[in-house]
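Each remark here refers to the structure printed beneath this line.
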Amino acid sequence: MTEEDRLLLNALQQNTQHLFRLYNGLEQKNKALQEEIETLRKRINELEHERLDLGRKNEQLKVANQLLSRKEENREAKQKINSLIREIDKCIALLNK
């Protein structure tokens, strides 16, 4: 093996080692990003549940407000209550399946 061959082989080894270091660094960064993505997905899921819960509470407050308001609006409140009861019945039916 000539000196030139040894130099080329040495340069190739160094480049290969450098590439492996870069690869390992990128692999670790990818793992960290995947963990961050999972954390953010969980947070999105929590916020979605919270949003739905607040929406239900808002609807309940609207119904309560209508019940406490003038008698003319009682009919609308009763319709809302009946609608909520039907929705609850549907949910119970789905849970029983």
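Over the chain, average the accessible area per residue using a 1.4 Å probe and give it in Å², no decimals.
With all protein chains present, the chain gives 96 Å² per residue.
Mean residue ellipticity at 222 nm from the helices of the chain, using -39,500 (n - 2.57) per DSSP H segment of n ≥ 4 over the full residue count, to the nearest 500 deg cm²/dmol?
Dividing the helical sum by the residues of the chain leaves -34000 deg cm²/dmol.
With every protein chain left in place and a probe of 1.4 Å, what is the accessible surface of Ile81, to the nearest 10 Å²?
Answer for Ile81: close to 60 Å² accessible.
At a 1.4 Å probe radius, carbon and sulfur cover how many percent of the accessible area of the chain?
Carbon-and-sulfur percentage of accessible area, whole number: 56.
In terms of Cα to Cα distance under 25 Å, which lysines are near enough to Lys42, apart from those fewer than 8 places away along the same chain?
Correct list for Lys42: Lys29, Lys31, Lys57.
With +1 on the Cβ of every Lys and Arg and -1 on the Cβ of every Asp and Glu, and nothing else charged, how large is the dipole of the stretch 1-96 about its Cα centre, in debye rounded to the nearest 20?
Roughly 920 debye for the stretch 1-96.
Among Asn10, Ile88, Leu22, which residue has its Cα furthest toward the positive end of the charge dipole of the chain, with +1 on Lys/Arg Cβ and -1 on Asp/Glu Cβ?
Ile88
Using unit Cβ charges (K, R positive; D, E negative) and no other charged atoms, how large, in debye to the nearest 20, is the dipole of the stretch 1-54 about its Cα centre?
40 debye
Identify which of the listed values of Kirkwood radius over Cα pairs in Å was calculated from the structure shown: (1) 16.6; (2) 19.8; (3) 12.7.
Working out Kirkwood radius over Cα pairs in Å from the coordinates points to (2).
Quote the FRET efficiency, to the nearest 0.05, computed for Lys29 versus Lys57 with a Förster distance R0 of 35 Å and r equal to the Cβ-Cβ distance.
0.25
The values are calculated or read from the model by the stated rules, or taken from the named source; none is laboratory data. This structure is a prediction, so every number in the text was calculated from the model and none was measured. Positions of Cβ are backbone-derived with ideal geometry, glycine not excepted, and every protein chain shown enters the neighbour counts. Heads up: the accessible areas ignore ligands, DNA and RNA and are worked out on the full protein's heavy atoms, side chains in. Shrake-Rupley method; radii C 1.70, N 1.55, O 1.52, S 1.80 Å.
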